[in-house]
């Protein structure tokens, strides 16, 4: 691999922050991009302020860069509109793009994430696509309010999910960014075991020392809860729609992609639950 700089988008996020650390640990030069460019959150990296809604900041951010980790921040529905300019700029400069989307988006070309993938695949830029399953971290972020209230309320039915820890996504992304062996491929990233939400609630109950229950709710209730917790109506409706494959059992499969890309076995939800509980307790303090 060449030794230019790696631009990490959303560098203060759940995946971006550990990815920056992974890359620095490998001796890479990293430009850590975020809307705030807070140096304290990207120690050892070059902090870059980049608001993807303003493409004028893209040119200076790409200076000296030969690889990009690209991901859409939470809450955006127009993936192509937001990250399309990044893909186009990368193709013009022959910059490799490691793009994170989501598991199952290849089911239909009408899905916004899939449209972005197609834009990248057809761009001519070197690429790797990562499609992670639902994050185990969601219990400490999206679903945190429900967990704190003692109830996980999502429309998952009895379906199981091979939840993935964001740190394992970061490790896989680091592997893809520092090797060309996987270029031109897409990978479904999962944890090492699938769990139902009843099982997840039991693990959380044990870790937190109090009872957490799971209640499968309908889409309307879920959307209302999610909007109340700060996400937009449109994004909440998108999340409700992508819970349908969960309820159908379509996201229970376990892959070896994390180990293939990173050389390390991924965590299971049980492995991650202590860290999740710690984040929940810190949030409540």
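FYI, it's all coordinate maths here, none of it is from the lab. Everything quoted here is computed from the prediction, not taken from an experiment. Glycine also receives a Cβ, built like all others from the backbone with ideal geometry; neighbour counts cover every protein chain displayed.
Taking the Cα atoms only, what angle lies between the long axis of helix 112-121 and the longest principal axis of the chain, rounded to 10 degrees? Helix 112-121 and the main axis of the chain meet at about 30 degrees. Computing FRET efficiency as 1/(1 + (r/R0)^6) for residue 108 and residue 35, where r is the C-beta to C-beta distance and R0 is 22 Å, gives about 0.10.
Using a cut-off of under 20 Å, list every residue of the stretch 47-81 whose amide N is near the label point 7 Å from the Cα of residue 122 along the Cα-to-beta-carbon line. Under cut-off, by backbone N: 78-81. Modelled spin labels at residue 77 and residue 49, positioned 7 Å past Cα toward Cβ, are 3.0 nm from each other. Directionally averaged projected area (the chain, Cα convex hull): 13.8 nm².
What is the Cα centroid distance between the stretch 59-109 and the stretch 1-31, reported in whole angstrom? Here the answer is 15 Å between Cα centres.
Take the convex hull of the alpha carbons in the stretch 38-169; its mean projected area over all directions comes to 10.0 nm². Protection proxy ranking of 170-179, 17-26, 188-197, by the mean of other Cβ atoms within 10 Å over each peptide's residues and highest first, is 170-179, 188-197, 17-26. Out of every Cα-Cα pair that the stretch 116-250 contains, those further apart than 19 angstrom amount to 57 percent. Direction-averaged projected area, Cα convex hull, the stretch 222-278: 5.8 nm², rounded to one decimal.
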